[in-house]
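Here's the structure we're looking at; comments come further down.
The values are calculated or read from the model by the stated rules, or taken from the named source; none is laboratory data. These numbers were taken from a predicted model, which means no experiment stands behind them. A quick note on method: Cβ atoms are made from the backbone with ideal geometry, for glycine too, and the neighbour counts reach across all protein chains shown.
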Amino acid sequence: MTSAALPPPFTAAVTAATVLGCLAYLAAAARLRARGDAWPYGRDALFCTGGAVLVAGVAEPWGAAPPFTAHMLTHLCVGMAAPLFLVLGRPLTLTLRTAPVPVRRALVALTRSRWATVAVLPPVAALLDFGGLWLLYRTPLLSVSHHDAWLNAAVHAHILLAGLLFSFGLLALDPVRHRPGPGLRAAVLLAAGAAHAVLAKSLYAAGPPGTSFGTADLHLASQVMYYGGDAVELALAAVVAGQWYRAGGRALRREGRAGRPGPRGAAAAVTRW
């Protein structure tokens, strides 16, 4: 079974939007530095890397790879790796620091709206992302989309947007209305990783309903999904763990300052002792 190629207009639109987005990001970062504000160059590299991975994903340059393996490589780029790099670039924070005042006000209103707040809650974002994958691979949806190029494009658009929401909500790097604690985010990541791993193992045993991929293709694709997903999830876990560690250090420093007696307090303590 061969998959429907993504429509050229869709690939061209995503590529053009990604290139323009990267150029706008670099220009905004340059303006920020020109006025004397700090903005790490590493964020520029991360965002542009995400753009490059996304363009590679929709271009599907996998050559002679078996069809389901090629599909899974695209899924890994578009739905997992590209969103991670793009979110690590913190584009919303950069926009809020460089955009005109009306744009900033509109973005603040958007990020504080109820529907946006709910969409980026880690449990909700995980359900949209990994729940969508279970729907894609454990119903006839994949088979149907492989016979309709524009439905295939819609599936990939959902994979991209769901991946962005998941990475954005889980990492909580940009300002949002409610920032969940690292404990909740770590628990959601653990549960999502388990769901992803179980899905990959199930695909090793049986392909999506309505498809007829070869056994070798199924095995290779499921391994790409399993190990590639692990790599991205480990990177997400490293970022969340680093945030947790820094938050704990700040809390300890605050407690130390609050409990440290001043000169009079120290003298009184000695007198009482």
Only listed residue being of a type in the set (Val, Ile, Thr) and either free of Cβ contacts under 8 Å to residues at least 12 places away in the same chain or touching a Gly at 6+ places or on another chain (Cβ under 7 Å) (or both), chosen from 117, 74, 93: 74
Those residues of the stretch 108-136 which are more than 23 Å from residue 208 (Cβ to Cβ) and aromatic (Phe, Trp, Tyr), in sequence order: 115
Condition met for residue 6 (part of a loop (DSSP other than H, G, I, E, B), touching a residue at least 60 places away in the same chain (Cβ under 8 Å) and crowded, with 18+ Cβ neighbours inside 10 Å): yes
Residues that are assigned to a helix (DSSP H, G or I) and either of a type in the set (Gly, Ala, Ser) or within 23 Å of residue 150 (Cβ to Cβ) (or both), drawn from the stretch 21-41: 21, 24, 27, 28, 29, 30, 34
The stretch 42-81, residues that are of a type in the set (Gly, Ala, Ser) and in a helix (DSSP H, G or I): 42, 45, 50, 51, 52, 56, 57, 59, 70, 79, 81
The lone exception for residue 198 - which of (1) surrounded by fewer than 19 Cβ atoms within 10 Å (Cβ to Cβ); (2) touching a residue at least 60 places away in the same chain (Cβ under 8 Å); (3) among the β-branched types (Val, Ile, Thr) it fails: (2)
Residue check, residue 133 modelled with pLDDT of 95 or more, within 22 Å of residue 240 (Cβ to Cβ) and either among the β-branched types (Val, Ile, Thr) or in a helix (DSSP H, G or I) (or both): yes
Pick from the stretch 152-185, criterion more than 15 Å from the chain's Cα centre (by Cα) and free of Cβ contacts under 8 Å to residues at least 12 places away in the same chain, ranking: nearest to residue 93 (Cα to Cα): 179
Residue within the stretch 118-125 that is closer than 30 Å to residue 37 by Cα, touching a helix residue (DSSP H, G or I) at 6+ places or on another chain (Cβ under 6 Å) and modelled with pLDDT of 90 or more present: yes
Hits in the stretch 95-127 - residues which are part of a loop (DSSP other than H, G, I, E, B) and either under 21 Å from residue 191 (Cα atoms) or among the small types (Gly, Ala, Ser) (or both): 99, 113, 120, 121
